[in-house]
1. Could you list, in sequence order, all residues of the range 97-119 that are open to solvent by less than 70 Å² (accessible area, probe 1.4 Å) and acidic (Asp, Glu)?
2. Could you check the range 132-169 and list, in sequence order, the residues that are free of Cβ contacts under 8 Å to residues at least 60 places away in the same chain, of a type in the set (Ser, Thr, Tyr) and over 22 Å from His254 (Cβ atoms)?
3. Across the range 181-210, which residue is surrounded by the fewest Cβ atoms within 10 Å (Cβ to Cβ) among those that are modelled with pLDDT under 95 and in a strand (DSSP E or B)?
4. If you check every pair at least six apart or on different chains, which have Cβ atoms under 7 Å apart with a residue in the range 254-265 that is farther than 15 Å from Lys277 by Cβ first and a residue that is among the β-branched types (Val, Ile, Thr) and assigned to a strand (DSSP E or B) second?
5. Which ranges mark the strands (runs of 3 or more DSSP E) fully within the range 263-381 that have 1 or more residues being over 18 Å from the mean Cα position of the chain (by Cα)?
6. Within the range 211-240, which residues are more than 11 Å from the chain's Cα centre (by Cα), part of a strand (DSSP E or B), of a type in the set (A, V, I, L, M, F, W, C) and crowded, with 18+ Cβ neighbours inside 10 Å?
7. I'd like to check something: does the range 21-32 contain any residue that is closer than 30 Å to Gln125 by Cβ and surrounded by 10 or more Cβ atoms within 10 Å (Cβ to Cβ)?
8. Every residue in the range 157-172 that is of a type outside the set (D, E, K, R) and either in contact with an Asp or Glu (Cβ under 6 Å, 6 or more places away or on another chain) or open to solvent by 40 Å² or more (accessible area, probe 1.4 Å) (or both), please.
Amino acid sequence: QMANPDLKWETTHTRNAGLDFTLLNGKLSGTVEYYWNTTKDLLINFPVSGVGYSFQYRNLGETENKGIDLTINSTNITNKNFTWNTSITLSHNKNSVKKLTGEDVQLWEANFGYSQNTHIIGVNQPLGQMYGYVTDGLYQVSDFDYDAATKTYTLKDGVPYAGEKGNVKPGMWKFKNIDGSKDNKITEADKTVIGNAYPKIYGGINNTFTYKDFDLSIFLTYSIGNDVFNATKLTNTKTALQNKNVLAVADSKHRWVLVNKAGDLITDPQEMADINKGKTVAAIYDNEAGDTYIHSWAVEDGSFLKLSNITLGYTFPKKMIRKVGLSKLRLYATGSNLLTWTKYSGFDPEVSTMGNGLTPGVDFGAYPRSRSFVFGINLAF
């Protein structure tokens, strides 16, 4: 990599205030902590040009993180043969960029072949903001005037359009006119924040049970309010000619079609409207190579609840194992990453495939997390 003789460590100032509490004769306890961290001289792999290198590590900018961590421990049941304990963690973090390299805004690209900026970073704005057009569905037949003689569609006045107005057809992606321009032309000024990779709340729930010599723990993790930029969906709903029409979301039930069931090209506007009613993916002629839009259709709610871990164990009575020279013998089985409840359409909502921390929350060809099972034995002589 390109050397930087002025490079130095990041500096973080951390401030914490916490409260530990115990209630109900120890059956309920926990910790509440507030933190305020500021970091300056961040180590950023900054793009450079004209020097034979693509990037150089530099110390740039300043960020701030404020948040609350809450932990609650509860003893629910305790008797001779059975116990049940619960531990709940909840975290909320609010980050903000306090300084960049002199400018107020930077645009960054998560590189998955579109050559378009995907994230925006601004002073006094949070990190993780995804950037692009706001999808307003697809152009419908009703957005056009139809000339039966020439069999052509002309976009009606007042309907927003990208590119050249005459090239817009029914079934293409439609974007919102954010800047309110009177000519209704979609430009760079209509791009805006379309998502954020960081959750509003995240944490875990752990329940532990014992019944005589058996023990069981069930651990769940959760995240609420984070978005995922599904670049896999965006890039793999291209045309068959590009070998990219590989997802069910782009099949004939969802994609705007131009031919009827008989295989004939649709020329009647009413038939076009009827057969494509409720379609959610743009027609083939708006998904060819070069039509590379970054838009909110690719941004999905990444909130989830995961059954992250279950462990079941059995500890043999000491009277039984003492005869064979053991002081402890426990058998156990553990299952990890067993179930995920989420609305996200990809393999896993807990994903960020870009190495650059400035473009988080992007899912581009990520492998699904493996489900694992472990069987073990604990021995003490």
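The values are calculated or read from the model by the stated rules, or taken from the named source; none is laboratory data. On a predicted model such as this, the values are computed, not experimentally measured, just so you know. Quick reminder, even Gly has a Cβ in these numbers, built from the backbone with ideal geometry, and neighbours come from all protein chains shown. Remember, those area values only see protein heavy atoms, side chains included, never the ligands or the DNA or RNA. Shrake-Rupley method; radii C 1.70, N 1.55, O 1.52, S 1.80 Å.
1. Glu103
2. Thr150, Thr152, Thr154, Tyr161, listed by residue number.
3. If we take residues in the range 181-210 being modelled with pLDDT under 95 and in a strand (DSSP E or B), then Lys185 is surrounded by the fewest Cβ atoms within 10 Å (Cβ to Cβ).
4. From residues that are farther than 15 Å from Lys277 by Cβ, the pairs are Leu265/Val259.
5. Hits in the range 263-381: 304-315, 328-342, 372-380.
6. Matches in the range 211-240: Leu220 only.
7. The answer is yes, given that some residue of the range 21-32 is closer than 30 Å to Gln125 by Cβ and surrounded by 10 or more Cβ atoms within 10 Å (Cβ to Cβ).
8. Result: Gly158, Val159, Gly163, Gly166, Asn167, Met172.
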